[in-house]
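Below: the structure, in structure tokens.
Here, each number is a calculation from the coordinates, and none is a lab measurement. None of the values given here were measured: they were computed from a predicted structure. Here Cβ is always computed from backbone atoms with ideal geometry, including for glycine, and neighbour counts include all displayed protein chains.
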Amino acid sequence: MSQTRVYRARLISQGDTLSLQQGGQTCLQLSWSAIAAWLKDEPATDDQLEQAIAFIEDELMPRLPPAAGGLLALPPELWQTLLAVSPVTELPLRLETVEGLFNRLAELAWGRPASQVGLPVDREFASRLLLIRELLHHGGFEGLCLDA
């Protein structure tokens, strides 16, 4: 039986940078504040989300190794961010669940009241969710697990 590959994502640089590591080697580093700079409003507008996603994709695509269905391991700080607003609490957290969170973020951008969506409206949350979603999509990850 083959073992599911797990990539390690760790926050470094005083919590502002996410590093994606494979086999102990860092293959990608991206700053939360660089993503948040595209999100001018709280909540972000639809155009701002699209611009932030385009920025993330431009950063990811040349450097992101293919995961071939593996899991992305996140540090506890990122777990707390996602699980605080996720309807699912079991591990691993599947791509579909993260996609559902993104859809709720999009609802905020389209003008639905935050009280109805149940998500934080701040740039930090939005930038973290966007990066995690794009890592899952473009890395071919099946879901997220907790980095012990």
**Prompt:** For helix 95-109, what angle does its Cα long axis make with the longest principal axis of the chain, in degrees from 0 to 90 and rounded to 10?
**Reply:** 20
**Item:** Solvent-free Debye scattering, log10 I(q)/I(0), computed from the Cα coordinates of the stretch 6-146 at q = 0.21 Å⁻¹
**Value:** -1.40
**Message:** Angle check, please: helix 46-60 long axis (alpha carbons) against the longest principal axis of the chain (alpha carbons), in degrees 0 to 90, nearest 10.
**Reply:** 20
**Request:** Treat every Asp and Glu Cβ in the chain as -1 and every Lys and Arg Cβ as +1, leave all other atoms uncharged, and give the resulting dipole magnitude about the Cα centre to the nearest 20 debye.
**Result:** 420
**Message:** Restricting to DSSP H runs of at least four residues, report the calculated mean residue ellipticity at 222 nm for the chain, -39500 (n - 2.57) per run over all residues, nearest 500 deg cm²/dmol.
**Reply:** -13000 deg cm²/dmol
**Asked** Can you give the % of DSSP beta bridges in the chain that are antiparallel, to the nearest 5?
**Response** 65
**Sequence ranges 103-115, 28-40, ranked by mean other-Cβ count within 10 angstrom, highest first** = 28-40, 103-115
**Prompt:** How large is the Kirkwood hydrodynamic radius of the stretch 65-148, in angstrom, based on all distinct alpha carbon pairs?
**Reply:** 13.1
